[in-house]
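Heads up: the structure comes next, in structure tokens.
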Amino acid sequence: MTWASYHNHTTFSDGAHSPSAYLPFAEVTGVTRLGFADHYYKAAPDATTTPDWAIQPEALESYFNTISALVNTHPTIEITTGLEFDWLDESAKWLAPIATDKRLDYTIGSVHFVGTESIDLTRSFWEALTLDEVNEVIRRYWQTVRDMASSRLFDIVGHLDLYKKFGFYPTESMQDVISDALDAISDAKMVVELNTAGWRKPCKVCYPDETLLRECFRRNLPVTISSDAHQANLVAADFDRAADLLARIGYQQLTTFRQREPLRVPLAQ
């Protein structure tokens, strides 16, 4: 099997290794399309500071240049440039200038924050909530995903049900807000990633879970596989397992990207 792996983080944000360090691991794991998507975060249009887990504004040009310098250095690997954008309420207006940069081959839109609260940083955030508050956070999460997709700035929706990372689930139906979010993803022609990192987290379930993936398939939403690697050795972690799951659901194709154009490839290559 050969793979495309697009959700990889480097030392430009919160990854442990440089972009070049990923190449040997890509070669031995069959990754022939390798993309980097370091975190891009901006809290407000006039924000003057950036958290250390995101790419620093002054490092953005170096990021683009470093990845560009790797292109054509490995004839068996197509190297592409992306960013993972942290979506915040009303952030389209200040993310758009970067999200539309012509040097990007693809963009990932991700929701890590509901309002001003990070939902995937600590288990203690969830433990402090009542059941009603858990339901409200999850409901607002799906509404935020809908808003992110509706911006039409992004090509891939990152870890679609990330809120379950620490094993907290709603106790009431979320079907209405999930349906709204998936409608927005479909209308924006976004690709859903099967993010294998969930299998490595406390929830022990991929993002999104099988039930949600089946709903994506029913709606003909395209998919890609990612490992959300923060270490080079995880560049294709659990890709075989992910491909088996997608095939069982009925998927026959994955989506790859080149200069913001989605390209379909067979699931089994």
Filter result (over 22 Å from the mean Cα position of the chain (by Cα) and either under 22 Å from GLU193 (Cα atoms) or buried (at least 20 other Cβ atoms within 10 Å of the Cβ) (or both)) within segment 28-69: none
Of all residues being of a type in the set (A, V, I, L, M) and assigned to a loop (DSSP other than H, G, I, E, B) in segment 150-163, which is nearest to ILE225 (Cα to Cα)? Just the residue, please. LEU160
State all residues of segment 74-106 that are under 18 Å from the mean Cα position of the chain (by Cα), closer than 28 Å to GLY30 by Cα and not hydroxyl-bearing (Ser, Thr, Tyr); if no residue qualifies, say none. ILE79, GLY82, LEU83, GLU84, PHE85, LEU104, ASP105
Give me the pairs: first residue in segment 245-269 and free of Cβ contacts under 8 Å to residues at least 40 places away in the same chain, second residue surrounded by fewer than 18 Cβ atoms within 10 Å (Cβ to Cβ) and of a type in the set (D, E, K, R), beta-carbon distance under 7 Å, and six or more apart or on different chains, which are they? ILE249/ARG214; GLN253/ARG264
Could you list all residues from segment 192-220 that are under 15 Å from THR255 (Cβ atoms) and either β-branched (Val, Ile, Thr) or buried (at least 19 other Cβ atoms within 10 Å of the Cβ) (or both)? VAL192, GLU193, LEU194, ASN195, LEU213, CYS216
Helices (runs of 4 or more DSSP H) fully within segment 164-257 counting 1 or more residues that are of a type in the set (Lys, Arg) and more than 22 Å from ARG123 (Cβ to Cβ): 210-218, 239-249
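Bear in mind that the values in this text are calculations on the coordinates, not laboratory data. These numbers were taken from a predicted model, which means no experiment stands behind them. Note that we place each Cβ from the backbone using ideal geometry, even for glycine, and neighbour counts take in every protein chain shown.
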